[in-house]
1. Condition first: closer than 25 Å to residue B:97 by Cβ and either in a loop (DSSP other than H, G, I, E, B) or in contact (Cβ under 8 Å) with a residue 60 or more places away in the chain (or both). Now tell me which residues in the stretch B:156-169 satisfy that.
2. Just to be sure, is residue A:265 of a type in the set (A, V, I, L, M, F, W, C), over 30 Å from residue B:84 (Cβ atoms), in contact with a Pro (Cβ under 8 Å, 6 or more places away or on another chain) and in contact (Cβ under 8 Å) with a residue 12 or more places away in the chain?
3. Residues that are under 27 Å from residue B:184 (Cβ atoms) and of a type in the set (Ser, Thr, Tyr): does the stretch B:131-154 have at least one?
4. Residues that are hydroxyl-bearing (Ser, Thr, Tyr) and under 24 Å from residue A:220 (Cα atoms), at least 2 per element: which helices (runs of 4 or more DSSP H) completely within the stretch A:80-154 meet that?
5. Given (1) in contact with an Asp or Glu (Cβ under 7 Å, 6 or more places away or on another chain); (2) more than 22 Å from residue A:204 (Cβ to Cβ), identify the lone condition not met by residue A:132.
6. Can you list the strands (runs of 3 or more DSSP E) found entirely within the stretch B:29-143 that contain at least 3 residues being over 27 Å from residue A:198 (Cβ atoms) and either of a type in the set (D, E, K, R) or over 19 Å from the mean Cα position of the chain (by Cα) (or both)?
7. Might you let me know whether the stretch A:44-65 holds any residue that is assigned to a helix (DSSP H, G or I), of a type in the set (Val, Ile, Thr) and not assigned by TED's automatic domain parsing to the domain that holds residue A:242?
8. Of the residues A:211, A:238, A:256, which single one is of a type in the set (D, E, K, R) and in contact with a Gly (Cβ under 7 Å, 6 or more places away or on another chain)?
Amino acid sequence: MKSNYIRETVMKVIFFIAACASIFAVILICVFLFANGIPAMGEIGFFKFLLGTEWRPSNDIYGILPMILGSIYVTAGAIVIGVPIALLTAIFLAYFCPKKIYKFCKSGINLMAGIPSVVYGFFGLVLMVPMIKSIFNIRSGSTMLTAAILLAIMVLPTIVGVTEASLESVPQSYYEGALALGATHSQSVFFTMVPAAKSGIVTGVVLGIGRVIGETMAVIMVAGNQAVMPEGLLSGVRTMTANIVLEMGYASGLHREALIATGVVLFVFILIINLIVAALKKGAIQHGD
Amino acid sequence: MDKITVENMNLHYGDFHALKNVNLNMGEKEITAFIGPSGCGKSTLLKSLNRMNDLVPGCKIDGKICLDGEDIYDKKMDVNRLRKRVGMVFQKPNPFPMSIYDNIAYGPRTHGVRNKAKLDEIVERSLRQAAIWDEVKDRLKKSALGISGGQQQRLCIARALAVEPEVLLMDEPTSALDPISTSKIEDLAIELKKDYTIVIVTHNMQQAARIADKTAFFLLGQMIEYGNTEKMFSMPEDPRTEDYITGRFG
């Protein structure tokens, strides 16, 4: 009896410590980011930092608006290109895919999720950059468009996976109800099943946004990385992640802290995205039956 | 006048012989009830009448089922048009997760009605026909999932009526409902008989006795007896029918 109690207690403590480890890591990261980043923002000037259009560390000018816009544009581009493809893929897998090729398609998409981002980057650098260069006849193929297309490919498995799962959780009775009204298979799918899975689909898209905005390696390899205000689809851009990674190696003093402050901004972006996902999930639970 | 005729029909699910040589004629603007213990094939037969069984893998049908003399399993038959003509209400109410209005308008929109005034008119008429208009007219734009189970079932009936079917199939439409909702649906079925041919599967023998003109009794995939409801419940011809309706098994 007594030994049972001790064993229970020991297990509880072990589980508790394991749970604490990840929480502890998150807290540590937050403390590190904010402790190092906030003072720099104060020193540079909060609005000067966020809304400054020039990034010239050698002259102690630290405006990260070009990078914020760079991240937003690239992400928006990737979502605009990637979401329609991902949605149609998920709908195909859930409702139109012949059983024989389903496994093949599904494992292909799962494999995509497992490819390291540097490999994607390499693919983009070797194949897409020259292609964009020759198609548009421009000086360099490292552009916002290249990055957006590459990220659109990279985000497919995330959105396809979440969307397919939410489509499959829609009750079959909706499908039968639509058929019984004389709707065709595709009408039932597009006008009943897909709208019913709406909140799950939106969750997938928002998760995808989070994945894209945090992507670093592949973006650096194809985006050009000029720290200037983005001029258009066919000009180079630098994202926040790229900004940090490119200069971290040699930065010191205020420059280094400004990079950490860039990380703070990125962190806040991700935080907002996670809050949206949480809110959507809560809404989905309340609506679903 | 027979609306639906079933001739020498056999149905297999893979190796399982689910319906054995069924012959049955269902009259126009009548209520026909299928009764029998669970697993006797009555729902299977019902789902064959609008080819919802096509969705079941391994389902094979021999024999002939005709709607107005036209073989519905003929290659030339347009299944979607068939299902528009032969509507269906399911055991568990299955309103779509959209507004009450959109639920009713779903069918007409599917079949190409876009005009707002026309849709408004169809929605009101269908809801009135299903005797639910007064309960929902003030919240047509609210989610259909927010109304009670009995209301949802009448909404599903209204949704089926909105595509102007000729036949309405009901698969145990009251088995998930309380007694008051059940009696509303029964009254509704009797009312709808004026305009529609109704086929209803029910576990509840009193329900068949209350509303059906004709009743068919099924057992283990065979149709044992078919005839006027009154006669079947007062003087059944087959001893097995008598055993079932007097509650000796089932």
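1. Across the stretch B:156-169, the qualifying residues are B:156, B:157, B:159, B:160, B:161, B:162, B:163, B:164, B:165, B:168, B:169.
2. no
3. Yes, the stretch B:131-154 has at least one match.
4. Once the helices (runs of 4 or more DSSP H) in the stretch A:80-154 are filtered for at least 2 residues that are hydroxyl-bearing (Ser, Thr, Tyr) and under 24 Å from residue A:220 (Cα atoms), what remains is A:117-123.
5. Unmet condition: (1).
6. The qualifying strands (runs of 3 or more DSSP E) are B:59-67.
7. Yes, because at least one residue in the stretch A:44-65 is assigned to a helix (DSSP H, G or I), of a type in the set (Val, Ile, Thr) and not assigned by TED's automatic domain parsing to the domain that holds residue A:242.
8. Only one candidate passes the filter, namely A:238.
The values are calculated or read from the model by the stated rules, or taken from the named source; none is laboratory data. Computed from a prediction, not measured in an experiment: that's the story for all the values here. Every residue, glycine among them, receives a Cβ derived from its backbone with ideal geometry; neighbour counts consider all protein chains shown.
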